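FYI, it's all coordinate maths here, none of it is from the lab. This is a predicted model, so every value here is computed, not measured. Cβ: placed from backbone, ideal geometry, glycine included. Neighbour counts: every protein chain shown.
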Amino acid sequence: MASTNKILIIDDDQFILDMYTLKLKELGFATETARDGKEGLKKVTEFNPDIVLLDVVMPAMDGFDILREIKKTKAASPKVILLTNVGQKEDVERGTKLGADDYIIKANFTPSEVVEKVKNLISK
């Protein structure tokens with residue numbers, strides 16, 4: 001797998017950031033993290049990731065607002081996976097309507113399964 005694939009993880013949980021950064025770097029992905037929406041949007045433009053792993057529940061700006069902003073920015077058009085514990089049917093539908101490429105409920109997937117989904121999305 002090419003090591004040029006770049007992943008941005010936007011989550012306010014440091015444990016999640018560290019865990020996924022470690023797993024993705026082991027596979028040769030270039031990985032950046034952001035702890036809030038403002039920082040995340042800045043890194044989308046600067047880092048230009050292939051995929052953004054995005055939490056929904058965060059302070060200041062939620063994941064849906066961030067997703068909306070990412071999709072508005074034509075310069076960078078990463079694929080976005082919502083990675084969250086917000087799993088109501090209407091939330092999943094909202095995320096999909098806003099343009100998320102996948103919607104993963106953290107509690108239902110192991111980190112390895114999430115990484116598999118990242119790899120599958122990159123190969124599409």
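Values computed for the structure shown
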{"read-out": "Given charges at Cβ of Lys, Arg, Asp, Glu: the chain dipole, positive-most of Thr45, Val118, Ala107", "value": "Thr45"}
{"read-out": "Point-charge dipole on Cβ atoms (K/R +1, D/E -1) for the chain, about Cα centre, debye to 20", "value": "480"}
{"read-out": "Estimated Rh, the chain: Kirkwood, alpha-carbon pairs, angstrom", "value": "14.1"}
{"read-out": "Ranked Phe29, Phe15, Phe64, criterion: other C-beta atoms within 10 Å, fewest first", "value": "Phe15, Phe64, Phe29"}
{"read-out": "Ranked Lys117, Lys38, criterion: other C-beta atoms within 10 Å, fewest first", "value": "Lys38, Lys117"}
{"read-out": "Computed magnitude of the charge dipole of segment 56-110 (debye, nearest 20; Cβ of K, R +1, Cβ of D, E -1)", "value": "200"}
{"read-out": "Helical mean residue ellipticity (222 nm; -39500 (n - 2.57) per DSSP H run of 4+; nearest 500) of the chain", "value": "-13500 deg cm²/dmol"}
{"read-out": "Semi-axis lengths (Å, descending) of the ellipsoid that matches the C-alpha gyration tensor of segment 51-114", "value": "19, 13, 11"}
